[in-house]
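The values are calculated or read from the model by the stated rules, or taken from the named source; none is laboratory data. A quick note: this is a predicted structure, and the numbers were derived from the prediction, not measured. Ideal geometry is used to build each Cβ from the backbone, glycine not excepted, and the neighbour counts take in all protein chains shown. With ligands, DNA and RNA removed, areas are computed over all heavy atoms of the protein, side chains included. Shrake-Rupley method; radii C 1.70, N 1.55, O 1.52, S 1.80 Å.
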Amino acid sequence: MKKVFSFFIACVLVVCLFQVNNVEAAKGDRAREDHSEYAVAVSDLQATDRLGGVTLYQRQCKTLSNGIPDPTNKKYAWNPHTVQWVDLPATSENINVVVWTDGGKHSWASSTVRNTAKDFEEKNPGWIVVAGINGDFFENSGATTYQPTNNFMQGGDMYRAEKSPASNRFTIGWKEDGSVIVGDPAVSSDIYLRIYDDNKEEIVQNVKIDKVNTNPSASGITLYTKDAKSTYDLTGYTVYDCEYEICRISSGGYVFVKGTVLETITLGAGCVPGDNHFYLASKDGSLDGVISSGDYIKCEYVYEGDWSNVQNSVGYIDQVLANGVPQHRESTDAFAYTSHPRTLIGFREDGTTVFMVIEGRGKPADYQVGVSHYESGQLLQAQGCVNGYNLDGGGSSTLIVRNNHGGFDVLNDPSDGSERSDGNHCLVVMRDPGFIFSSIDSTYDKAVVDLRVINQDYFNTLSNIKVTLNGVTKDYVDGGVSFDNVEMSSTYKVEVTYDSPSTYDESVLTNKTFINYLTTPE
């Protein structure tokens with residue numbers, strides 16, 4: 001009996017030593033990050049400064065599969081990954097985060113991250129996209145509406161007020177000042193008529209709407225959209241005919257519509273607005289003096305309480321890192337424990353945002369094995385995040401950054417073999433400085449930094465422009481700035497700083513940084 005017991009103790013010691021040795025060996029591979037126990041670096045960190053003060057990071061890592069540390073477990077493995085992420089400084093006046101969907105006037109749609117970035121720039125002159133990732137899960141089966149599966153606000157417009165009933169689906173919101181709020185938002189039970197000022201920028205009045213797409217009552221305001229299921233008798237009602245630029249109805253019937261008041265009209269029975277139009281009707285004078293022809297208005301549900309200043313929001317499924325602790329370790333939920341490409345949003349203690357994409361569904365030799373939720377949390381923790389959230393993944397996982405030519409590069413290798421069209425995206429944006437970077441006039445012993453103006457109006461908003469190269473700073477002059485403190489066939493970081501309108505308040509000038517790289521020829 002003593003021999004059996006001694007043999008048992010010896011086996012336990014061997015297993016424990018094997019486990020510790022494997023973990024410690026993996027720890028020895030770690031480069032400069034040591035925040036995470038089971039996520040280790042196996043390559044040098046590549047860091048590249050991008051436009052707006054955003055930094056792009058790339059590295060190969062290994063993670064302990066689903067957090068299972070026992071080498072005798074058949075699921076024990078160290079999985080190889082290619083991880084890429086961008087940092088968004090919390091205090092930066094250069095950049096802002098928006099969520100965007102490349103939909104039409106009447107319905108949701110799907111699009112690639114790159115095409116969505118282009119759509120944002122077309123519809124928001126004076127702004128450019130610096131980086132972007134895919135966003136929330138979306139309805140791409142059954143009815144295939146492409147709308148997000150949770151509530152969704154785009155640029156201050158509540159496109160989808162409907163919230164998912166699932167217990168693991170919540171929302172990330174970005175406020176007017178760039179700060180972030182996460183959780184289960186308070187959404188109004190009523191829809192409101194919101195009237196803009198003459199510049200179509202500020203909301204100057206809010207009025208409750210009493211009914212939507214149903215029989216009107218003798219009092220209050222009723223809203224009718226193209227999605228009304230039947231016709232209605234509006235005899236005796238004051239009806240404002242409005243033309244919309246956007247009209248979205250969620251799966252649960254929540255309405256968002258935005259457009260311009262055209263005129264008052266007289267209607268009878270059998271009334272319903274067609275495409276491009278919506279009606280506001282009242283019988284008791286509820287609309288008298290509230291709106292008039294030419295007014296720019298929207299009808300929407302609104303965020304309330306701590307969420308009232310949110311301008312952009314996106315939904316997520318599952319928190320993978322909570323207060324510095326990776327979640328879902330050794331989970332039995334198939335969605336959580338299986339390996340997939342993942343798109344993540346993480347936040348550091350100082351408020352810095354991390355947009356991260358992890359390769360998956362490829363070869364282990366190519367470091368393209370996907371991650372579980374627990375491994376996702378480990379990888380975010382390894383970059384100093386304290387909280388992290390799982391967005392849509394799989395073939396949707398995509399990270400783009402702006403290149404030197406004004407276009408966008410896809411940095412990861414999407415598992416579909418090409419970019420997938422998704423329902424919504426998260427974009428990092430900044431004010432357009434109106435120039436592109438050029439160094440084509442450089443020689444082997446002279447670096448020439450030229451800012452080629454592509455939009456004079458935007459460029460005219462810049463002042464105090466300075467260029468720094470290899471430790472030397474010069475005032476920018478038309479035609480370019482020359483530096484002779486360079487060597488042949490060498491690459492130098494170039495910082496262009498300038499004062500321009502703040503990201504959050506056009507009336508305030510803030511100092512911004514444009515970063516690029518210059519290589520002298522042979």
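For the stretch 115-125, state whether one or more residues are part of a strand (DSSP E or B) and surrounded by fewer than 21 Cβ atoms within 10 Å (Cβ to Cβ).
no
Applying the selection to the stretch 354-372, what residues are open to solvent by 10 Å² or more (accessible area, probe 1.4 Å) and part of a strand (DSSP E or B)?
Within the stretch 354-372, just GLN368 meets the criteria.
Going through the stretch 170-180 one residue at a time, which ones are open to solvent by less than 60 Å² (accessible area, probe 1.4 Å), of a type outside the set (Gly, Ala, Ser) and closer than 17 Å to GLY135 by Cβ?
Listed by number, the residues that qualify are THR171, ILE172, TRP174, VAL180.
Kindly establish whether PHE335 is hydrophobic (A, V, I, L, M, F, W, C) and out of contact with any Leu (no Cβ under 9 Å at 6 or more places or on another chain).
For PHE335, the condition - hydrophobic (A, V, I, L, M, F, W, C) and out of contact with any Leu (no Cβ under 9 Å at 6 or more places or on another chain) - is met.
Quick one: count up the residues across the stretch 173-198 that are within 16 Å of VAL290 (Cα to Cα) and either without any contact (Cβ under 8 Å) to a residue 60 or more places away in the chain or not β-branched (Val, Ile, Thr) (or both).
6
Any residue in the stretch 279-293 that is crowded, with 19+ Cβ neighbours inside 10 Å, of a type in the set (S, T, N, Q) and within 18 Å of LYS105 (Cβ to Cβ)?
no
Specify the residue that is most open to solvent (accessible area, probe 1.4 Å); the eligible residues are those in the stretch 446-491 that are among the charged types (D, E, K, R) and within 28 Å of GLU506 (Cα to Cα).
The residue in question is ASP478.
If I ask for residues that are in contact (Cβ under 8 Å) with a residue 24 or more places away in the chain, in a loop (DSSP other than H, G, I, E, B) and either hydrophobic (A, V, I, L, M, F, W, C) or surrounded by fewer than 18 Cβ atoms within 10 Å (Cβ to Cβ) (or both), which ones from the stretch 322-341 would you list?
Matches in the stretch 322-341: ASN323, GLY324, GLU330, SER331, THR338.
Just to confirm my filter: which strands (runs of 3 or more DSSP E) fall fully inside the stretch 455-497 and include at least 2 residues that are under 16 Å from ASP49 (Cα atoms)?
Once the strands (runs of 3 or more DSSP E) in the stretch 455-497 are filtered for at least 2 residues that are under 16 Å from ASP49 (Cα atoms), what remains is 463-469.
Take the stretch 498-522 and flag every residue that is open to solvent by 60 Å² or more (accessible area, probe 1.4 Å), not in a loop (DSSP other than H, G, I, E, B) and not aromatic (Phe, Trp, Tyr).
Result: LEU509, ASN511, THR519.
Regarding the stretch 373-380, can at least one residue be identified that is over 17 Å from SER36 (Cβ atoms) and either buried (at least 23 other Cβ atoms within 10 Å of the Cβ) or among the small types (Gly, Ala, Ser) (or both)?
For the stretch 373-380, residues over 17 Å from SER36 (Cβ atoms) and either buried (at least 23 other Cβ atoms within 10 Å of the Cβ) or among the small types (Gly, Ala, Ser) (or both): absent.
When you scan the stretch 50-63, do you find a residue that is farther than 30 Å from LYS200 by Cα, crowded, with 21+ Cβ neighbours inside 10 Å, in contact with a helix residue (DSSP H, G or I) (Cβ under 6 Å, 6 or more places away or on another chain) and polar (S, T, N, Q), even just one?
Taking every residue of the stretch 50-63 in turn, at least one turns out to be farther than 30 Å from LYS200 by Cα, crowded, with 21+ Cβ neighbours inside 10 Å, in contact with a helix residue (DSSP H, G or I) (Cβ under 6 Å, 6 or more places away or on another chain) and polar (S, T, N, Q).
Output the number of residues of the stretch 308-321 satisfying the condition of being closer than 30 Å to PHE278 by Cα and either open to solvent by less than 20 Å² (accessible area, probe 1.4 Å) or touching an Asp or Glu at 6+ places or on another chain (Cβ under 6 Å) (or both).
Counting residues in the stretch 308-321 that are closer than 30 Å to PHE278 by Cα and either open to solvent by less than 20 Å² (accessible area, probe 1.4 Å) or touching an Asp or Glu at 6+ places or on another chain (Cβ under 6 Å) (or both) gives 7.
Only one of (1) surrounded by fewer than 23 Cβ atoms within 10 Å (Cβ to Cβ); (2) of a type outside the set (Asp, Glu); (3) within 19 Å of the chain's Cα centre (by Cα); (4) farther than 22 Å from ARG420 by Cα is not met by TYR146, so which one is it?
That leaves (4) as the condition not met.
Would you mind stating whether GLU263 is part of a strand (DSSP E or B), in contact with a Ser or Thr (Cβ under 6 Å, 6 or more places away or on another chain) and touching a residue at least 12 places away in the same chain (Cβ under 8 Å)?
yes
Which strands (runs of 3 or more DSSP E) does the stretch 130-186 wholly contain that include 2 or more residues that are under 21 Å from THR112 (Cα atoms)?
The strands (runs of 3 or more DSSP E) meeting that bar are 152-154, 157-160.
So, in the stretch 289-321, exactly how many residues are in contact (Cβ under 8 Å) with a residue 60 or more places away in the chain, part of a loop (DSSP other than H, G, I, E, B) and not β-branched (Val, Ile, Thr)?
4
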